[in-house]
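Working notes, beginning with the structure itself.
The values are calculated or read from the model by the stated rules, or taken from the named source; none is laboratory data. If you're wondering where the values come from, they're calculated on a predicted model, not measured in any experiment. FYI the Cβ positions are ideal-geometry reconstructions off the backbone, even for glycines, and counts take in every protein chain you see.
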Amino acid sequence: MNNKPLMDYSLGLTERTYKIAGDLELHVTVTSNPHNIPLDALFAMAARINKKRSFLFVSKVLGKHIPVNPYTSLLSGTTLAILLQEALQGTKLEEKVQLAVEGLVYSDKAETAYKAIMSERLPLKQPIAFIGFAETATAIGHAVYEAFGQGSHYLHTTREVIEESPSILQFQEEHSHATDHYGYSDNPAILAQPDILVLVDDEITTGRTSLNIIRDLQGKYPKKMYYVLALLDWRTEEDILQFAQLEQELHITIHVISLIRGNTKVVGSSESLPLQAPSPLPEERTELLQISYVNQLFSHAPYAGNRPYLQHSGRFGLTPSNTAQLDRSITQTAELLKRKRTGNKTLCVGTGEFMYIPMRIAAEMGSGVSYQSTTRSPIHVMEHRDYAVKYGHAFPSPEDEQVVHFFYNIPYGTYQELFLFMEREASPSSMEPILRILQAKGLHTLHIVFFSPQSVDWKEATVWKLGNPDA
């Protein structure tokens, strides 16, 4: 893929053409970039395996498809939180914004920037509820929420069907490979009580997802004001008009805040691109497989049937009192896992929607740690210069074998060790596909971290013996 800028960024780049793959091109016109963030610091491009949308902005800051400094991922939400605070208070927070943006763009400044900003939480004058969209924005939404102090609530949507748990919202994401979103909580007040609802996504393309959820929310928990936060806003004039029409129809106000605003024009399609066969895995195997259970450090949802979901992940709602408990659990887990580290090139991998807690743990595990997570998103994998997804593997989700998951951009020999974070324990047979792939990545040690109680004797499992030949 070749990026062909029509004007050098330093001179005021407004347009760029991304030659993604085959005949697929994307023309990007930036209409607003008030903080002068280089586009290349925020994303690269890839081709989706999706008839509804052929391209993907692959974020360089979210920690999803591309490994990043975990503090960079946290700052992506913190930066949006500061911009929201400016809008809510009607005041400029230029020093905080500059600090956050520098940390977002320059990885070596991310930790210092994040800790400085989070040393004093942003105050709220009125109660606010934050909603992060699954799958990709569960963590960025949580990071936005965490930047504020008392008076805030958080819930992230989920694509998982949990029949035993009370549902408080449901909507569809029209362009997605997995369209249905649900919101679960036994406390509808987390959405009913706040004066303002804030929706958080990584990117707005048409805005239909936001409009769908606002329509659903307004019918259940009527508000006068909504905010939509995203790193990128690519709505057309017609899309923006749809927001105005919904405002008029429902007698509400919708404010949209983003780092970058512009529009796109796609040429060609990804449908003609050949599907690459999975790369053959080397015979060499990980020397050591370690399995840890940290369930005693976390609370579990009492209304999720026999599936031990975490109580305070955001899937069932969060309040400031829950947050303090979660912070303690994260720090204790990070201290435990930090002692298990054996190298200085470490990758921490979250799974699916389970992103924020692993991200926070990774951030507190010391230097030399990168973070990313698995995803449901199918993407064409190509070893082309500037193409965003050069390596990839598909595997059945260990927690639900009917769902295909992927992880991307983990080349052989890059890391000495890898920590895979699983919210719920899975059987050895369910874990075998992903472990066979990871054990062929040239790692010295592969750590599996489960957040639910142990019920498996791993020393009798084939996957354990593969990583521990003397066992």
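Selection of the range 233-269 for residues being within 16 Å of Leu199 (Cβ to Cβ), among the hydroxyl-bearing types (Ser, Thr, Tyr) and touching a Leu at 6+ places or on another chain (Cβ under 9 Å) yields only Ser258.
Condition check: within 22 Å of Ile140 (Cβ to Cβ), over 18 Å from the mean Cα position of the chain (by Cα) and surrounded by fewer than 22 Cβ atoms within 10 Å (Cβ to Cβ). Does Ala324 satisfy that?
Working: within 22 Å of Ile140 (Cβ to Cβ): yes; over 18 Å from the mean Cα position of the chain (by Cα): yes; surrounded by fewer than 22 Cβ atoms within 10 Å (Cβ to Cβ): yes.
In short, yes.
For the range 245-270, taking the residues that are assigned to a strand (DSSP E or B) and of a type in the set (S, T, N, Q), the one that is nearest to Gly343 (Cα to Cα) is identified as Ser258. Kindly establish whether Thr462 is hydroxyl-bearing (Ser, Thr, Tyr) and either within 19 Å of the chain's Cα centre (by Cα) or modelled with pLDDT of 95 or more (or both). In short, no.
Going by what's in this entry, would Lys52 be described as outside any strand (DSSP E or B), buried (at least 23 other Cβ atoms within 10 Å of the Cβ) and not β-branched (Val, Ile, Thr)?
The answer is no for Lys52.
Taken over the range 168-217, the criterion of being at pLDDT below 85 and at positive phi is satisfied by no residue.
Any residue at all in the range 314-325 that is assigned to a loop (DSSP other than H, G, I, E, B), small (Gly, Ala, Ser) and closer than 23 Å to Met431 by Cα? Within the range 314-325, none of the residues are assigned to a loop (DSSP other than H, G, I, E, B), small (Gly, Ala, Ser) and closer than 23 Å to Met431 by Cα. Screening Leu273 on (1) within 28 Å of Ser427 (Cα to Cα); (2) part of a loop (DSSP other than H, G, I, E, B) shows it passes everything except condition (1).
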